Amino acid sequence: MRSVPDWLRRHPGLAFGLLAVLLAVLPFIVSIGLGRGWVRVLDFALLYAILALGLNIVVGYAGLLDLGYIAFYALGAYLFAWLSSPQFGLHLPFWLVLPSGALLAGGFGVLLGAPTLRLRGDYLAIVTLGFGEIVRIFMNNLDAPVNITNGPQGINLIDPISIGGFSLGARHTILGVHVFPPTFYYYLFLFFTLFTILVAMRLQDSRIGRAWAAIREDEVAAAAMGIDTRNIKLLAFAMGASFGGLAGGLFAAFQGFISPESFNLMESVMILCMIVLGGMGNIPGVILGAVLLTVLPEALRYLGAWQRAALGHVVVDPNDLRMLLFGLAMVAMMLYRPAGLLPSRQRRREFRAEDGAAEQEAASLYDAKA
Amino acid sequence: MSLLEVKGLKVAYGGIQAVRGIDLVIEQGELVCLIGANGAGKSSALKGLIGLVQHHGEVRFTGERLNGLPTHAIVAKGMTLVPEGRGIFARLSVAENLDMGAYTRRDVGPVRLDLNRVYDLFPRLAERRAQLAGTLSGGEQQMLALGRAIMARPRLLLLDEPSMGLAPIMVQKIYQTIAEIARDGVTILLVEQNAHLALQVSQRGYVMESGSVVLTGASQALADDPMVKAAYLGE
């Protein structure tokens, strides 16, 4: 088994090809092997990967702890709903609505960033948490005096995405095979996930990415390097938020229905957990975290059936047990792999090198004498 | 025209006046020190100069008024600060830290020359270029902070307590390097609590006490001044 990754590393083109084929046929394998419902889970895994990669720009790259990230997801989703549903009788095409959602969310990212420029760490977390709740509460209450959001009932009958007359929201028969909407959305989400990965990679290696890293490490020193800390921080908020907005629009079209309930604090925390679990700042790690934290809770739903099969009746409500196991897994992670499952190069080095510092101090003193 | 001219610089945090209107003049090529006890306002003065804190009074750099400019704009004009406590980027490598020093520069060739110069000054950094800066010893981190500042090719280098928290032998090494940087023609304003060292390496000095400059003159003269001797040199 050991030689397989080595072999793939020596043939990157082939590894890439294999991965592409696997991703292309995945929904069919999954729906045959596990059932059609699991394709939906796959779709959500991709959606969360986009969200986690977006939040990773803010938290992982720039080091700004944002606990209200879900608000941008909500804004993208609601904008999509407003512009293509019976709510206002508008039915604009998705290629107009999705970018608008990203833009709106990006704008709100700057709006959140501007007053919080001086805040860091815990203080920033509290303000962003408040922001997330404010947006959700607005959505919950903006049904009177003018009905904008339809309040807690949410907005229904949102148009599915339709590309050149081909609706992703309907069943199609292709080559005699029935193909269902989640499979079509899978390919759409895959496309946007790849797009997000590409942007995140380019950003990380750019001048802007280095400026974010500097601000994360030491803001005063970053300013002393000539970095415009204000604009660079606002840019991080805006970039991260626009991916949230994009994912929100995709979510609205996919679900066909949104309500404020989908955008609560727990969701923000979940996305942050994906980043921390996978490996903050590292793109493959963040994706792994998103996939694991979407798929695992679904898999743990089977716990009820297993209990019935093994014990004859359900002893612990699978929903409770699921959260318990999930919590335990997070605690174990933080104890045994604090840098995440796939830590970034820097964090891995950091966690490995901590012990060596004392010997180095002695060695460098020796050097100074010489 | 002097490189830096400061008139009536004031810095306040809320109601507390940290700097109460000081005048400074620094000529091109000088190494000037600003000494004083803990809390005298030395660091606040530096932060005011480079726009990190709100300040009043006039700051002219190469004849141009700097007041109101954000820090990054002042840095782009050729002033660089090595902050107190070094301010290295702990989770970036040594080489990446040095790269950040040249953040505002677009001249690739000269940047490479300066990088070689830094590695010449601090062979230790060259050995550890791939290592995370946070894992360096305190002295090495100070070297890195100095090296990173050199990478900006500043016209005026502001150093805030470079000896802080270092073993005496490492302090000596750092000060040798500061003298060497000054010999390269970089103008330096050195803030230091260790008056003895600062007066040794500099040509002129200012003495600050509770927010005001109380004494100024050639470093040798300051070192011989009875009041300085009593208060700062412990003689």
ask   = Across peptide B:138-145, what mean number of C-beta atoms from other chains lies inside 10 Å of a residue's C-beta?
value = 3
request  = Using Cα centres only, tell me the gap between region B:171-203 and region A:144-165 in whole Å.
outcome  = 68
request  = Note down the nm distance, to one decimal, between modelled labels 7 Å out along Cα→Cβ at A:Asp143 and at B:Asn67.
outcome  = 5.8
query = How do B:140-148, B:168-176, A:29-37 rank on mean C-beta neighbours within 10 Å, highest first?
reply = B:140-148, B:168-176, A:29-37
task = Could you work out the mean count of beta carbons from other protein chains within 10 Å of each residue's beta carbon in B:93-99?
result = 2
task = Provide, as a two-decimal number, the C-alpha radius of gyration of the protein assembly as shown over 2.2 N^0.38 Å, N being how many residues it has.
result = 1.17
message = Compute the angle between helix A:181-204 and the longest alpha-carbon principal axis of chain A, please, reported from 0 to 90 degrees and rounded to the nearest 10.
response = 20
note = CD proxy, 222 nm, chain B: helix-only mean residue ellipticity via -39,500 (n - 2.57) per DSSP H run with n ≥ 4, per residue, nearest 500, stands at -10000 deg cm²/dmol
query = In the structure shown, do any of B:Lys42/B:Lys229; A:Lys233/B:Lys7; B:Lys7/B:Lys229 have a Cα-Cα gap over 30 Å, and if so which?
reply = A:Lys233/B:Lys7
key: Rounded tilt (10° steps) of A:265-278 against the dominant C-alpha axis of chain A   = 50
inquiry  = What aspartates and glutamates does B:Lys77 reach when the alpha-carbon gap must be under 16 Å and sequence neighbours fewer than 8 apart in one chain are set aside?
reply    = A:Asp228, B:Glu5, B:Glu64, B:Asp107
remark   = Nearest-0.05 FRET efficiency for B:Val25 and B:Arg112 at R0 = 35 Å, using Cβ-Cβ distance, is 0.50
message = Give the aspartates and glutamates whose C-alpha is closer than 17 Å to that of B:Lys10, dropping any in the same chain fewer than 8 places away, or say none.
response = B:Asp23, B:Glu58, B:Glu209
ask   = Antiparallel as a % of all DSSP beta bridges within chain B, to the nearest 5?
value = 55
ask   = Whole-Å semi-axes of region A:15-156's equivalent ellipsoid, largest first, each the root of 5 times a Cα gyration tensor eigenvalue?
value = 30, 24, 14
remark   = Debye calc, one equal point scatterer per Cα of region B:105-217, no solvent, log10 I(q)/I(0) at q = 0.09, 0.18, 0.19 1/Å comes to -0.27, -0.96, -1.05
query = Using 1/(1 + (r/R0)^6) with R0 = 60 angstrom and r between the beta carbons of B:Ala221 and A:Leu26, what's the FRET efficiency to the nearest 0.05?
reply = 0.15
request  = Using a 10 Å cut-off on Cβ atoms, rank the peptides A:323-334, B:81-92, B:154-165 from the highest mean neighbour count down.
outcome  = B:81-92, B:154-165, A:323-334
query = To two decimal places, what compactness ratio does region A:37-301 give when its Cα radius of gyration is scaled by 2.2 N^0.38 Å?
reply = 1.00
task = Report relative contact order for chain A in percent, whole number only (criteria: Cα-Cα under 8 Å, sequence separation at least 6).
result = 27
note = FRET efficiency (A:Leu90, A:Met266; Cβ distance; R0 35 Å; to 0.05) is 0.70
ask   = Binning every alpha carbon pair distance of region B:88-151 at 5 Å from zero, what are the percents per bin?
value = 4, 21, 35, 24, 12, 4, 0
For region A:288-319 and region A:53-73, distance of Cα centres in Å = 29
inquiry  = Please list, in order along region A:331-344, the HN-Hα scalar couplings obtained from phi with the Karplus expression 6.51 cos²θ - 1.76 cosθ + 1.60 (θ = phi - 60°), rounded to whole Hz, x for Gly and Pro.
reply    = 4, 4, 4, 5, 6, 9, 9, x, 8, x, 5, 10, x, 5
message = Angle check, please: helix B:168-183 long axis (alpha carbons) against the longest principal axis of chain B (alpha carbons), in degrees 0 to 90, nearest 10.
response = 90
key: Volume of the Cα convex hull of region B:14-94, divided per residue and given in Å³   = 146
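FYI, it's all coordinate maths here, none of it is from the lab. Remember, it's a predicted structure, so these values are computed and weren't measured experimentally. Positions of Cβ are backbone-derived with ideal geometry, glycine not excepted, and every protein chain shown enters the neighbour counts.
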